[in-house]
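The values are calculated or read from the model by the stated rules, or taken from the named source; none is laboratory data. Source: prediction; values computed, not measured. Note: ideal-geometry Cβ built from the backbone for every residue, glycine included; neighbour counts use all protein chains shown. Protein only, heavy atoms only, side chains kept; ligands, DNA and RNA dropped before computing areas. Shrake-Rupley method; radii C 1.70, N 1.55, O 1.52, S 1.80 Å.
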Amino acid sequence: MTPPVIHVAAALAVDDRGRALMVRKHGTTMFMQPGGKLEPGEHPLVALRRELGEELGLDLPAEAFTWVGTFEEDAANEPGHVVRADVYSVTVEAAAPVAAAEIAEFRWVELDDLDGIDLAPLSSRFLLPILLAQPEGAVDQPGG
């Protein structure tokens, strides 16, 4: 039997120092990229911008985001489910996020010092390795 799929949009967000923005939801232990579930018929980038506003107080223009790809992995907080994430990269000012709504805590993490951080499978297996492969944590920008 195929596990149920949770469709989300996620931000591979870094600051100007190449640190990754990670969030932890209330009642959970794992840190993951910020983002959230899509509403029915909602475009992933629209959902991502909405979620970043609701959960971190970020109001970022659509042109600030770059498409990275779609990834699937076991869901961190919903056993027996798979998460399918449409991922976009974005640079965020380090002082800008404020934890709100479902977010209990956020952290800026150094990519070379992830010991002791309980990471969601999608983050540890796919998303953080993308940043680690780039110089200074930058994600390649199309056409640039």
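Please specify each residue of the stretch 40-69 satisfying the condition of being within 13 Å of residue 92 (Cα to Cα), open to solvent by less than 30 Å² (accessible area, probe 1.4 Å) and touching a helix residue (DSSP H, G or I) at 6+ places or on another chain (Cβ under 9 Å).
58, 65
Any residue that is touching a Lys or Arg at 6+ places or on another chain (Cβ under 8 Å) and of a type in the set (Val, Ile, Thr) - is there at least one of those in the stretch 60-78?
yes
What do you reckon, is residue 112 of a type in the set (Asp, Glu) and not in a loop (DSSP other than H, G, I, E, B)?
Working: of a type in the set (Asp, Glu): yes; not in a loop (DSSP other than H, G, I, E, B): no.
It is false that residue 112 is of a type in the set (Asp, Glu) and not in a loop (DSSP other than H, G, I, E, B).
Of these, 53, 144, 57, 69, which one is among the small types (Gly, Ala, Ser) and at pLDDT below 95? So that I can check it myself, show each step before the final result.
On the way: 53 fails: at pLDDT below 95; 57 fails: at pLDDT below 95; 69 fails: at pLDDT below 95.
It is 144.
Being touching a Phe, Trp or Tyr at 6+ places or on another chain (Cβ under 6 Å) and open to solvent by 30 Å² or more (accessible area, probe 1.4 Å) is the filter here, so list the residues in the stretch 1-32 that pass it.
19, 24
Please enumerate the residues belonging to the stretch 84-105 that are assigned to a strand (DSSP E or B) and within 18 Å of residue 64 (Cβ to Cβ). Outline the logic, then answer.
Going residue by residue through the stretch 84-105, those that are assigned to a strand (DSSP E or B) are 84-91, 103-105.
Within the stretch 84-105, 86, 87, 88, 89, 90, 91 meet the criteria.
With the requirement that a residue be outside any strand (DSSP E or B) and without any contact (Cβ under 8 Å) to a residue 24 or more places away in the chain, what does the stretch 59-74 give you? Show your work before the answer.
Going residue by residue through the stretch 59-74, those that are outside any strand (DSSP E or B) are 59-65.
Correct list: 59, 61, 62, 63.
Each row is one residue, and each column tells you yes or no for (1) at pLDDT below 95; (2) aromatic (Phe, Trp, Tyr); (3) closer than 15 Å to residue 90 by Cβ.
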{"position": "2", "(1), (2), (3)": "yes, no, no"}
{"position": "9", "(1), (2), (3)": "no, no, yes"}
{"position": "13", "(1), (2), (3)": "no, no, yes"}
{"position": "18", "(1), (2), (3)": "yes, no, yes"}
{"position": "22", "(1), (2), (3)": "no, no, yes"}
{"position": "31", "(1), (2), (3)": "no, yes, no"}
{"position": "35", "(1), (2), (3)": "no, no, yes"}
{"position": "38", "(1), (2), (3)": "no, no, no"}
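Which members of the stretch 21-33 meet the condition of being out of contact with any helix residue (DSSP H, G or I) (no Cβ under 6 Å at 6 or more places or on another chain) and not β-branched (Val, Ile, Thr)? Working first, answer last.
So in the stretch 21-33, the residues out of contact with any helix residue (DSSP H, G or I) (no Cβ under 6 Å at 6 or more places or on another chain) come out as 21-31.
Once the filter is applied, which keeps residues that are out of contact with any helix residue (DSSP H, G or I) (no Cβ under 6 Å at 6 or more places or on another chain) and not β-branched (Val, Ile, Thr), the stretch 21-33 yields 21, 22, 24, 25, 26, 27, 30, 31.
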